[in-house]
Structure formats: structure tokens, C-alpha cells
Amino acid sequence: MASQAPTLQEQARALGDPTRHAIFRYVADAETAIDVAELTEHFGFNHNAIRQHLAKLVSAGLVTEAQAPIAGRGRPRLSYRVHPGADSRWGASGPYERLSLLLSEMIRTGDSAVEVGRRVGRRQRLDRDVADDPVAVVVEAMEREGFEPTVRVRGDRVDVVLGTCPFETTALADPDIVCSMHLGLAQGVAEQTDGRIAVDELVRHDPRRAKCRLHLHLEPGHDD
């Protein structure tokens, strides 16, 4: 049985501690993933204290924890971002707030949903931990947007399964616009890999069950 999402009351309790709230705001305001060392240096606490606060924020669904690629010896580094589904009342940009900005850009510019999504993808800051891996670049960007992606690589073919639709309600009402934005977003991110990977198509599914699938391919010379 799937675990229930944290309630607003649980999130409010997690943020009731002033230090924990300050850590959440620091992570939410950062343009890239944050690690324990940076938080320790900024706040002046020891590593264990910072980890305990982060564990509370992760448990409350306010930040996400990911393992950065191993570089050299030592324990794998953990990195943290604001949870893409964090409610905007906590000062983060919630999923439907982000969607409203994209729709406003479509109205203002007259551009298609694909082009607006592509423009957003091209503006995304690449995480330094994955910048050398074109597959990881796309997967990390979709994870950051709340899609809960999983990936399968077979030779030069890459399938990214989107485990969740962050705009489920709107996608039910207008799948053409929402899915086109998602496709454009992935294409824009892929463009930042200097031609190492390309997005071929987005295969849609019912947003209530998710599992939409991005088909990508690695360009010759970049399939290792």
C-alpha cells in the first residue's frame, strides 16, 4: 500500500522550528541542489544537527533527498532540493503556480505550448553533479519538476517513464497543452547537452495513472 502524502499540519509542524524553517528557505531559494556541507558552513551548525533538520523536512515532503554521483573515494554525497509539490503557502513555487506562469507566457507571446516548454527547459540550470551525463541531465530536470522519473537505457535508446503528472487535473481537461509543455521542457533541457541526446516523442497515458513515456536517443559518439 502506498504511503500517504504528508498533511499540511505535518508540514506546518516541521516548519515550526525557526532553524528548520530557515534551512527550508535556503534550499527553496537555491538555484541548484544543496548539500550538507554548504548548509553547515552557512548556518554554523555541525553536520549531525543539519542532517536531523533535513530528515524532518524530507519526512514532511518539503524537500527531496538524492544521492549525487560518486566522485573519488568516500561516502556518496547527498543533495537536497525543495520538493516540487511543496505548497506555495510555505514560500515555495507550487506546481500549479508554475503552470499558471507558463500559460501566461503562452498568452503573452502567442507561442505554442511546445515552444514555451522548450524555452523553460533551455533556461534550467544544470546540476554540476550530472552535467557530464546527458541521460542524467534530462532525468534530473524531470525529477526537479515533480515527474518522479525512472529510466531505461538500451544501447543508444533511452526511455524515461514519468511516474507522476504534477498537473494531473489540468492534464485531464486539456492534455494537448499540458503534454506539449512537458515535451517541450524535455527538448529544451536536452538542447543543453550540446547535441549528446535528443527527445523523439512523448507517449501519453491517462494522467491519473501517469506512466507517460519520453523516448530519447543518444547521438553517435555519445552512447557510452
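The values are calculated or read from the model by the stated rules, or taken from the named source; none is laboratory data. Because the structure is a prediction, the values reported are computed rather than measured. Cβ sites come from the backbone with ideal geometry, for glycine too, and all protein chains shown count toward neighbours. Remember, those area values only see protein heavy atoms, side chains included, never the ligands or the DNA or RNA. Shrake-Rupley method; radii C 1.70, N 1.55, O 1.52, S 1.80 Å.
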(message) Return the equivalent ellipsoid semi-axes of the chain as a descending list in whole Å, where each equals the square root of 5 times an eigenvalue of the C-alpha gyration tensor.
(response) 29, 23, 16
(message) Can you compute the charge dipole magnitude of the chain about its Cα centre, using +1 on each Lys and Arg Cβ and -1 on each Asp and Glu Cβ, nothing else charged? Give it in debye, rounded to the nearest 20.
(response) 620
(message) Nearest 10 degrees is fine. How inclined is helix 134-144 to the longest principal axis of the chain, computing both from alpha carbons?
(response) 60
(message) Could you compute how much accessible surface Lys56 exposes when probed at 1.4 Å, giving the result in Å² to the nearest 10?
(response) 120
(message) If I take R0 = 35 Å and measure r between the Cβ atoms of Ala49 and Thr7 in this structure, what FRET efficiency does the formula 1/(1 + (r/R0)^6) give, to the nearest 0.05?
(response) 0.85
(message) Please report the carbon-and-sulfur percent of the accessible area for the chain; probe 1.4 Å, protein heavy atoms only, DNA, RNA and ligands left out.
(response) 49
(request) Kindly report the accessible area of region 161-224 per residue (heavy atoms of protein chains, probe 1.4 Å, no ligands, DNA or RNA), in Å². (result) 48
